[in-house]
Every structure is written in C-alpha cells, then in structure tokens.
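Note sheet for the following structure.
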Amino acid sequence: MRLVFAGTPEVALPALDALIASDRHEVVAVVTRPDAPAGRGRRLVASPVAQRAEEAGIEVLKPARPRDEDFQARLREIAPDCCPVVAYGALLPKSALEIPAHGWVNLHFSLLPAWRGAAPVQHAVLAGDEVTGASTFRIEEGLDSGPVYGVLTEEVRATDTSGDLLTRLAFAGAGLLAATMDGIEDGTLQAVPQPTEGITLAPKIEVEDAKIDWSAPALRVDRVVRGCAPAPGAWTLFRGERLKVMSLTPVPDRTDLELAPGEIAATKKAVFVGTGSHAVQLQWVQPQGKKPMAAADWARGVRIEAGERLGD
C-alpha cells in the first residue's frame, strides 16, 4: 500500500522505521506537527518524525491544522491507500479521514476501550495496572472509539516509569502496526467494534496532577512519581520552593522510621520521608533551578533540620 505516516515525537520513530523497512508498503509522505521552539535559544526545530523522514528522502507535510485546504488537497494528490498514525498530536476532521481508501489507523498505547485519551501509559501506571498493551484501530470522529484491528499485551513491572513502559510499547507496537498494514492490504484483517463496557479515560497529566500528597499511602506516592516520570515530573514543596522528586523507593520494612506525612529524616547516605502508611526513601531529586542530584547530596547541601517536612 501507499502510506502517509502521521506522527510527531520520538515515540513514533520505531513504527515509522518499521514501515519504511517493510517490503510490502511504501511510505510516500509523513504528516507531522509544525516546527516548535526548543532549547535555550528557543529556535524552531523540526519534530523527530520530520527529521527521520527528511533523512530518508520522504516528503514532509506540516499543516498548522489538518483541516487546512492546502494540506487536504496535497493529500488527495498523493492518494494514499492508508494513513498509519502514532502520536500525531492533532484532531483529524472527517474531511481528512475520508481521503485514504482504508482510512487512518492509529497505534494507541492501551488495551482499548481502557484508557482512551492523550496519556494512556501514565494513567496505567498511576492506576496500578498489572497488564497494559497497545491497540491498532481505525480512527473515527469519537475519542479513540473506532473499531480495533489488533492488540498486544505488556506487563507493567513494579519499578516501571511511564517512560520505561512507553519505550517498550513503542517498539512492540511498531510490529503490531506493520502487521496491521499487512492484514489490511491482503484482506485478512477486519476491524472489530470496541466493547461498550470497560471504557476509561486518560486525559493529559497536568503539572498540578503531579503534585505529591504525602498523606496518601506510600503505594500511591510511588505510583505518582513513576507515572509522572519523565514528564511532567512529580513534585513537592520544600521551604516554599518546588522540589522535583524523580525517583523513590518504598521501605515498608523500616518499622523504626515513625515519620509523619512529609516529615524528612536524613542520614549521611539516605533520605526518608513519611507518608500516610510507611516511609519512602528518596533516590533522585531536582531542586528548583538546578540539575538532578542524588537525594543524599541534596539533603547535605540544604542541611535538613529536625522535624522539617516536604509539602505545603
């Protein structure tokens, strides 16, 4: 099939690479978000997908909005058979959805209908899911509600951050998306409507959602830190300034640590904080305006006083 691939961030690259390498299909163009400011100089930088396509000599389309007439006219000229999508980042209007003969097929990082929305992996970690996965489905106007072509499952490990889990799903999902294109092309794969039960939503995680509530059980605090890593990053307050908590470890066996929620106990080599259940040990933190550092180094630098707490 003639494919136009739609995607923007680095997580879309494994799928793009898999489709470029396919001997059954041809990626004739990519659609990606417009160049965006990045770095200290805030100069405009092309998306990872745009950069990879340019390296491969593939046409790059960067519409400000997918409903733009010029973009849709060019897409009709290209006449793709199908448009595979991974993390494109913009809503597709019906007029664009109708252009390719086999529609737009999205690789979504959840087992639909669970976790429809922008942040399925983060919500799976936050909810404590033991198993998640990826799905390929035909995009329709509803939110991730289209019929499903295929799925794969992936275990959520006890120490997984959202970044860890998303990386594994991106590579496994690349194979699923390529296989889905093969099945559509040879007519062996038919999309199946999603169940009407078991629908959960996964809206974007905002910075305020990543604030740590130290009165919550340690299990919940751990999930917030892992679920919000690497972005937007779990955080708390210390002496009125934000402190990003990059990683921590629950220590339920430390029954000698009787700490109130948010209370800090620092030794030469470790920093412990109380929660609503048992203590956790901070591993890596990032003070406001500074680089990430080991929690013990941070504690020595700020000279933790007895009874000091994290949080409001």
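The values are calculated or read from the model by the stated rules, or taken from the named source; none is laboratory data. All figures in this text were calculated on a predicted structure; none of them were measured in a lab. Quick reminder, even Gly has a Cβ in these numbers, built from the backbone with ideal geometry, and neighbours come from all protein chains shown. Side chains included, ligands, DNA and RNA excluded: accessible areas come from the protein's heavy atoms. Shrake-Rupley method; radii C 1.70, N 1.55, O 1.52, S 1.80 Å.
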Completion exercise
Taking every other residue with Cβ under 11 Å from the Cβ of V280 and scoring Lys and Arg +1, Asp and Glu -1, one gets +1
Fill in the blank from the handout: Here the equivalent ellipsoid of the range 1-113, derived from its Cα gyration tensor, has semi-axes (largest first, whole Å) of 21, 17, 15
Fill in the blank from the handout: From DSSP H assignment alone, runs of 4+ in the chain each adding -39500 (n - 2.57), the sum over residues rounded to the nearest 500 puts [θ] at 222 nm at -7500 deg cm²/dmol
Fill in the blank from the handout: The alpha-carbon center of the range 161-235 and that of the range 1-32 are separated, in whole Å, by 21 Å
Problem - Relative contact order [Cα under 8 Å, 6+ residues apart], the range 118-190, whole percent - result: 30 percent
Practice task
Grab the beta carbon distance between I304 and R40, set R0 = 41 Å, and tell me the FRET efficiency rounded to 0.05.
Solution key: 0.80
Handout entry: Between helix 218-227 and the chain: long-axis angle, C-alpha atoms, 0 to 90°, nearest 10
Key = 40 degrees
Completion exercise
One finds, for T167 and A118 with R0 = 25 angstrom and r their Cβ-Cβ distance, a FRET efficiency to the nearest 0.05 of 0.90
Handout entry: Taking the chain and dividing mean pair separation by its residue count, relative contact order in percent (alpha carbons under 8 Å, at least six apart)
Key = 13 percent
Problem - Fraction of accessible area attributable to carbon and sulfur, the chain (%, probe 1.4 Å) - result: 51 percent
Completion exercise
Correct semi-axes for the range 72-222, from √(5λ) of the alpha-carbon gyration tensor and rounded to whole Å with the largest first, are 31, 17, 13
Practice task
Work out the length of the dipole vector of the range 158-312 about its Cα centre, built from +1 on the beta-carbon of each Lys and Arg and -1 on the beta-carbon of each Asp and Glu, and round it to the nearest 20 debye.
Solution key: 800 debye
Practice task
Go through the range 208-312 and name the trypsin sites (Lys or Arg not before Pro) that are in a DSSP coil and have 13 or fewer other Cβ atoms within 10 Å of their Cβ.
Solution key: R239, K268, K269, K290, R303
Exercise for the section: Treating each Cα of the chain as an identical point scatterer and ignoring solvent, apply the Debye formula and state log10 I(q)/I(0) at q = 0.11, 0.14 Å⁻¹. Expected result: -0.75, -1.02
Exercise for the section: Figure the gain on full extension for V207 and V28 (residue separation times 0.36 nm, minus the Cα-Cα span) and round it to one decimal in nm. Expected result: 60.6 nm
Problem - For q = 0.10, 0.14 Å⁻¹, Debye-computed log10 I/I(0) when each Cα of the range 195-312 counts as one equal scatterer - result: -0.30, -0.55
Fill in the blank from the handout: Pseudo-spin-label distance D253 to K268, built 7 Å along Cα→Cβ, given in nm, is 2.3 nm
Problem - Local electrostatic count at V156 - Lys and Arg +1, Asp and Glu -1, tallied over other residues with Cβ under 15 Å - result: -3
